[in-house]
Amino acid sequence: MKAIAVHPGTPDTLHLRDIPTPDINSVPNGRGVLVKVLQVGVDATDQEINEALYGNSPKGDDYLVIGHEVFGRVEEVGSNVTHVQPGDYVACTVRRPGDSIYDRIGRSDITSDETYYERGINLLHGFMTEYFVDDAEFVVRYPEQLKKLGVLSEPASVCAKAIQQAYSAQQRLQVWEPKRAWVMGAGQIGLLATMMLKLRRLEVCTIARSPAEGNLKAEIAEQFGANYVSTKEQSLEDVAEKYGRPDLIIEATGNSRVAFECMDVLNLNGALVLTSVTGGSRRTEIESDRINLEWVLGNKMLLGSVNGNFRHFQEGISAMALGEAMYPGVLERILTHPVQGMDEYEKLMPLLNDSSVLKVYVEIAK
C-alpha cells in the first residue's frame, strides 16, 4: 500500500513509497484495530522532520512514514475490542509506552524515559498511509455527526491537555480563578485553544504577527469572541496595558524567542504553558536576573505540555462538539487546504512554507 515517508537525518527527502499492508494480528491478545485512513493533517512538526531537525526511523528501517494527525474508519477489530466496531469513525493518539512508571499506568504522554516513541515522529511509523493497525487502547471513537472536523482531533487534544495541565498545576494556589488568557499564535493550535478558553468564559487575546485586516485567522479568533492582536502593530507590553496582564498564556507560535518574551508580561500567580516543539539552535538573550526575581516573588509557573493520551483526545472532541454548537461553522473554517490524495505529496511542504495557509491535510480516502 502507499505511504508518504522521509529519510530521517537527511533534509528534503519526502517521497511516496509502497509498504506492507498491516496485519490486525500484529497486536496481541485480540486487541488490534484495523483502520482505513480518511484524512491526515500535516503541520510544522512534519515540516521540521523533513528538514532533518529531529525524528528517527523505527529500528531496522531507513525511512519514517510521517503523519500524526489521523482520522479514519474502523475496518476490523480483534476479539477483545469492545469500545469500537467496524464502521465507527476514529482518531488515534500519537505517543506509545516506554518503560517508565508513567508508561505502565497509561500516561506515556508524560514518560520519564529519555527515549520516547511517537507515531510519525520518532521511532514509530506514522499514519500517512492507506491503513494502519494499533492497539485498541490508543484508538478514540469519534462522533459521526462531527466527521467534517475529524482531522482536528489531534491538535484539539494538544490544546485540551495544555489547558487541563495548567488548571491542575494551579491547584497549588488553592484558589485560582483566571480572568484573562493570551494565546500566542493563530495557527490550528492557537485557534483551537482560543475557542476552548472562551468556552471557559475567559477574556482572550489571540496574538500573532499578521495584521488583522483581510486575515482569516483574525476573523476566526474574533468569531470565537477573542481579541485578535498583531505584534506588528502592538508590543506585548502595549497589549498588557490595554487588556490587562494575562493569568494564563498558551504559547503556540513555534518560535522559542516568543516563549521567553511571554515571561515578561505574565500576571502574578500566573501560568505559562509551552506547547511549541522547536527544532534548531536559535539563541535568545533575556534579562535573567529581573525575570528570576519577578517570577519568584510573583509565584509564577512555567510548564511544558506535549501531545496527549486518549483522555485528552476525548476532552478535545467534547470541546469541539460544544464549540460547533456555540459557534456554528467557525471550526470548519480552519480547514483551508486539502490535498487530494497521496500522489500529490509534493504540494505539502510548499503549502506549509506559506504563512497565509492555516491547515493543510491530505484527503486519502472518501
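The values are calculated or read from the model by the stated rules, or taken from the named source; none is laboratory data. The shown structure was predicted, so the numbers you read here are calculated from the model rather than taken from an experiment. Don't worry about glycine lacking a Cβ; one is built from the backbone with ideal geometry, like all the others, and counts go over all protein chains shown. For accessibility, only protein heavy atoms count, side chains too; no ligands or nucleic acids. Shrake-Rupley method; radii C 1.70, N 1.55, O 1.52, S 1.80 Å.
Of note:
- Where strands (runs of 3 or more DSSP E) sit wholly within region 114-158, those with at least 3 residues that are over 16 Å from the mean Cα position of the chain (by Cα) occupy 131-135, 139-142.
- Residue within region 35-55 that is open to solvent by less than 60 Å² (accessible area, probe 1.4 Å) and free of Cβ contacts under 8 Å to residues at least 24 places away in the same chain present: no
Quick grid of which residues meet (1) out of contact with any helix residue (DSSP H, G or I) (no Cβ under 9 Å at 6 or more places or on another chain); (2) of a type in the set (K, R):
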residue: H15; (1), (2): no, no
residue: P20; (1), (2): yes, no
residue: S26; (1), (2): yes, no
residue: R31; (1), (2): no, yes
residue: I49; (1), (2): yes, no
residue: V70; (1), (2): no, no
residue: V74; (1), (2): yes, no
residue: P86; (1), (2): yes, no
residue: T93; (1), (2): no, no
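- When L199, L236, L293 are checked against the criterion of being among the aliphatic types (A, V, I, L, M), open to solvent by 40 Å² or more (accessible area, probe 1.4 Å) and more than 25 Å from E315 (Cβ to Cβ), L293 stands alone in meeting it.
- Total residues in region 50-79, condition outside any loop (DSSP other than H, G, I, E, B) and not charged (D, E, K, R): 9
- Scan of region 96-133 for residues that are in contact with a Leu (Cβ under 9 Å, 6 or more places away or on another chain) and touching a residue at least 40 places away in the same chain (Cβ under 8 Å), ordered by number: R96, E118, G120, I121, N122, L123, L124, H125, G126, Y131, F132, V133
- If you filter region 296-334 down to residues that are open to solvent by 80 Å² or more (accessible area, probe 1.4 Å) and among the basic types (K, R), you find that the one that is nearest to the chain's Cα centre (by Cα) is R311.
Every residue, every condition in (1) of a type outside the set (A, V, I, L, M); (2) surrounded by fewer than 16 Cβ atoms within 10 Å (Cβ to Cβ); (3) modelled with pLDDT under 95, yes or no:
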| position | (1), (2), (3) |
| --- | --- |
| S112 | yes, yes, yes |
| E118 | yes, no, no |
| I121 | no, no, no |
| M128 | no, no, no |
| V139 | no, no, no |
| L149 | no, no, no |
| P155 | yes, no, no |
| C159 | yes, no, no |
| Q170 | yes, no, no |
